[in-house]
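Notes follow the structure.
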Amino acid sequence: IGVGEAEGLVWLLSPPNSRDTLPYVGREKLHSTRHRIVRFNGQFGGYRYVKLDGSDEPTAALLVAQDPSSPNRRKAYIVSVYTRPDMRRQGHAMALIRMAEKDFILQPATHLSRAGAKLQSAWLKSMR
């Protein structure tokens, strides 16, 4: 999980109506919108969740990849998380994780940034 330490992840906030090919994701198709969270299905088996604020500006994004060894493709890993600097520590990333949990059985990641380790720890504690 890369949580905002690498500002290079800002591309995750690409506008929901973007028709561009995104790095590591490919072309996307809109899958659903629930609770101001938009889910896109990526060309290469990834899924991007984008949280929108009241004016439809993206505040945070989560990238999830399916575990190809999962028999029913329900297991997935969080690959990256990015929250706009002015929106951090307000629960946006956790809201995205909660939404992804409704779609997949999320597995803990092993290669984490310091901030990613904190977010994963909070997520795992909230599951107890």
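The values are calculated or read from the model by the stated rules, or taken from the named source; none is laboratory data. Values in this document were obtained by computation on a predicted structure and should not be read as measured data. Note that we place each Cβ from the backbone using ideal geometry, even for glycine, and neighbour counts take in every protein chain shown. Ligands, DNA and RNA are stripped out before the accessible areas are found, and what is left, the full protein with its side chains, is counted by its heavy atoms. Shrake-Rupley method; radii C 1.70, N 1.55, O 1.52, S 1.80 Å.
Below are the figures for this structure:
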read-out: Close pairs (6 angstrom Cβ cut-off, 6 or more residues apart or separate chains): under 13 Å from Val79 (Cα atoms) in segment 106-128, open to solvent by 60 Å² or more (accessible area, probe 1.4 Å) and at pLDDT 80 or above anywhere; value: Gln107/Lys75; Gln107/Tyr77; Ala109/Tyr77
read-out: Condition check for Val38: touching a strand residue (DSSP E or B) at 6+ places or on another chain (Cβ under 7 Å), modelled with pLDDT under 80 and among the β-branched types (Val, Ile, Thr); value: no
read-out: Residues of segment 40-56 classified as open to solvent by 40 Å² or more (accessible area, probe 1.4 Å), within 16 Å of Arg84 (Cα to Cα) and within 16 Å of the chain's Cα centre (by Cα), total; value: 0
read-out: Selection status of Val10, among the β-branched types (Val, Ile, Thr), touching a helix residue (DSSP H, G or I) at 6+ places or on another chain (Cβ under 6 Å) and either farther than 19 Å from Ile97 by Cα or at pLDDT below 80 (or both); value: no
read-out: Some residue of segment 105-121 being outside any strand (DSSP E or B), open to solvent by less than 40 Å² (accessible area, probe 1.4 Å) and touching an Asp or Glu at 6+ places or on another chain (Cβ under 7 Å); value: yes
